[in-house]
Structures are given as C-alpha cells and as structure tokens.
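Comments concern the structure below.
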Amino acid sequence: MAANNRRMSGKKGAQVGSGGKRRRALEGKGPTPPAEMRKGHAKQRIAQAQARRAQGRPQRRTGGKSAAEMVVGRNPVAEALREGVPATTLYVQQFIDNDERVREAIQLAGERGGIHLMEAPRPELDRMTNGLNHQGLVLQVPPYEYAHPEDLAAAAYDQGEDPLIVALDGVTDPRNLGAVVRSVSAFGGHGVVVPERRAAGMTAGAWKTSAGTAARTPVARATNLTRALEAYKKAGIAVVGLAADGEHEIGELGALEGPVVIVVGSEGKGLSRLVGETCDFRVRIPMPGGAESLNAGVAAGVVLYEAARRRA
C-alpha cells in the first residue's frame with residue numbers, strides 16, 4: 001500500500017545538494033536594490049527629504065518668539081552693535097554728553113542700516129527701562145523667532161546630510177548658549193534645541209557670545225525637551241547624552257557618525273533624570289587633568305569636534 005501511495009504522489013522530494021530546500025526556496029530574489037530604496041538607509045532618508053521638498057512640504061509651526069529686550073548703558077549698547085546683535089531702534093537721550101561711546105554707537109547704528117535713531121527726553125528713557133542706569137543710550141532688540149525642533153532635522157536632510165544637533169538641558173546662562181551656537185556653526189551642525197522653561201534663551205548676551213553665528217545657526221525651542229528627544233528617536237536619530245559617569249567614551253561611540261542629537265546638561269546638575277533615561281547612549285569625555293566637569297559650551301565643542309572628525 002505504501003508503494004502504491006508513492007506512485008500516486010506527483011510531488012518531488014528535496015533535490016540532492018539543496019540542503020533540504022525546495023526548488024522555489026532556492027530561487028534568487030533579484031539584484032540588491034539601490035541604497036535610496038533600502039528601508040532605514042541614510043540615502044533613503046535623504047531621498048525622502050528631497051522628495052518632500054520638491055512637493056512643497058507644508059510649513060511647520062515655529063517654536064514661538066521671545067519677548068523684546070532692551071540693552072541699556074553706553075558700553076553694553078556699543079558692544080551689542082559691534083557684535084551684530086539684531087536691533088530695531090537706538091534711543092539717544094536729548095542733550096546727552098557726546099563722548100566716544102555715544103559717537104561709536106550712533107555711527108555703528110547708521111552703518112548697519114535698518115536701525116531707527118530716536119531722540120528722547122530722559123524721563124521717557126527712565127520709564128522705558130524701569131529706572132535702570134541707561135546713561136542716555138537704550139537699544140531695542142526685537143523678539144527672537146525660534147525654529148521648531150523638527151525643522152532642524154528636516155533642513156539637514158534637505159541638504160543631503162545627517163542631522164547633527166545639540167540639545168541643552170537645564171543650561172540657564174545665555175553666554176553658554178551663545179558659545180554652543182558658535183561651536184555648532186564651527187563644526188557644521190544644524191542647530192540647537194532649548195527647553196521653553198527654566199533655560200537660557202536667545203538674549204542679547206547670547207547673541208554677543210555667539211560672535212554673529214546666531215544669524216545662520218537656528219535655535220529651536222521645545223515645549224517639552226523629553227518629548228522632543230523621543231520624536232527625534234522615532235525619526236531614526238540617535239540621542240547621545242553627556243554624563244560624567246557615562247558608559248561610553250566619546251572616542252568609542254559609532255553613533256556620532258550618523259544622525260545624532262547631543263544632549264548637554266548643566267555644569268552643576270548634569271542631565272535631568274527623564275532626559276537621561278530618554279538617551280540611547282550616555283557618554284563621558286575623558287579628562288586626564290582631573291577636572292570634575294566642563295561648562296556646556298566647552299563640552300559641546302569637544303563632542304562636536306569628534307563628530308565632525310568622523311564625518312569628514
């Protein structure tokens with residue numbers, strides 16, 4: 001009976017040398033698709049970004065605007081104008097003693113163009129500055145328009161590059177923010193993300209420290225930094241946090257070669273708990289000299305240099 005069943009069956013067994021596979025399983029799957037068609041490949045992300053741009057991607061919401069700011073005093077006003085801090089109006093007190101700083105401020109404002117020169121009586125300047133010692137000079141700085149965190153990554157892909165972004169967690173000194181903006185610009189980064197609350201913003205002090213690079217390096221503001229980092233992770237961007245007790249050294253971390261967000265905490269407290277738990281990697285900067293920590297601007301510069309070196 002068994003022999004009869006074998007004669008009636010039309011199926012063939014596995015062929016010799018097939019490793020037990022049927023003929024159909026041994027058939028080739030065709031040529032390897034190009035990088036632009038492989039899911040998750042960097043070139044596919046770039047191609048998708050370029051396609052969105054060609055289709056006219058809808059404009060994303062911005063990160064909002066800061067409040068207008070007043071720079072007061074002869075030295076601060078002259079320095080702000082010298083360093084290219086954006087300004088709309090220079091107020092000069094009537095009958096002011098015309099010293100070198102006053103003359104320089106008026107000359108710089110006139111040379112830059114787009115800055116209105118207004119003469120005002122002292123009581124008016126006192127009212128505008130809430131009684132601060134303005135010394136007869138007040139500079140009106142317009143609100144800074146923040147980008148949206150998503151747009152930093154989108155702009156990088158539009159340029160055919162993997163995003164290189166710095167996020168600041170608990171950094172409250174505007175000079176540190178300005179220094180980070182300057183480092184991001186120097187090493188080819190695509191922007192800086194700051195939280196909306198309890199964090200430094202783009203004040204005149206941050207503009208001065210950035211040495212003009214804030215004009216070409218966008219700063220985005222996130223309502224919730226943890227959620228912004230999670231959105232980056234979902235988009236395939238690695239999130240790397242700097243920590244003195246990090247599990248990896250920066251020289252060992254391959255994630256810096258691809259799309260990455262570098263998170264820098266405050267000098268005293270480091271990363272907050274939720275932000276630290278959100279990071280894919282926590283890395284440390286080896287310091288043979290024995291220093292306990294670096295300020296945010298220096299730490300960001302070290303890691304950005306390492307990332308730029310690997311991408312060169």
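Summary of computed values
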read-out: Test: Ala105 is free of Cβ contacts under 8 Å to residues at least 60 places away in the same chain and either of a type in the set (D, E, K, R) or surrounded by fewer than 20 Cβ atoms within 10 Å (Cβ to Cβ) (or both); value: no
read-out: Selection within the range 206-216 - without any contact (Cβ under 8 Å) to a residue 40 or more places away in the chain and surrounded by fewer than 21 Cβ atoms within 10 Å (Cβ to Cβ); value: Thr213, Arg216
read-out: Hits in the range 203-223 - residues which are under 16 Å from Pro143 (Cβ atoms), assigned to a loop (DSSP other than H, G, I, E, B) and under 13 Å from the mean Cα position of the chain (by Cα); value: Pro218
read-out: Selection within the range 276-312 - β-branched (Val, Ile, Thr) and in contact with a Ser or Thr (Cβ under 6 Å, 6 or more places away or on another chain); value: Thr278
read-out: Filter result for Glu83 (modelled with pLDDT under 95, open to solvent by 30 Å² or more (accessible area, probe 1.4 Å), charged (D, E, K, R) and more than 23 Å from Thr217 (Cα to Cα)); value: no
read-out: Yes/no for Gly110 being farther than 21 Å from Pro143 by Cβ, of a type in the set (Gly, Ala, Ser), surrounded by fewer than 19 Cβ atoms within 10 Å (Cβ to Cβ) and without any contact (Cβ under 8 Å) to a residue 60 or more places away in the chain; value: yes
read-out: Where Ala255 falls short, out of the listed (1) hydrophobic (A, V, I, L, M, F, W, C); (2) part of a helix (DSSP H, G or I); (3) open to solvent by less than 20 Å² (accessible area, probe 1.4 Å); value: (3)
read-out: Condition broken by Gly241, with the remaining ones in (1) over 18 Å from Glu161 (Cα atoms); (2) in a loop (DSSP other than H, G, I, E, B) satisfied; value: (2)
read-out: Residues located in the range 265-312, provided they are within 21 Å of Ala199 (Cα to Cα) and open to solvent by 70 Å² or more (accessible area, probe 1.4 Å); value: Glu267, Gly268, Lys269, Arg273, Leu274, Glu277, Val298
read-out: Thr226 in a loop (DSSP other than H, G, I, E, B) and within 16 Å of the chain's Cα centre (by Cα); value: no
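The values are calculated or read from the model by the stated rules, or taken from the named source; none is laboratory data. Since the structure is predicted, the reported quantities are computational estimates derived from the model, not experimental observations. Reconstructed Cβ throughout: ideal geometry from the backbone, glycine too, with neighbour counts over all protein chains shown. Side chains included, ligands, DNA and RNA excluded: accessible areas come from the protein's heavy atoms. Shrake-Rupley method; radii C 1.70, N 1.55, O 1.52, S 1.80 Å.
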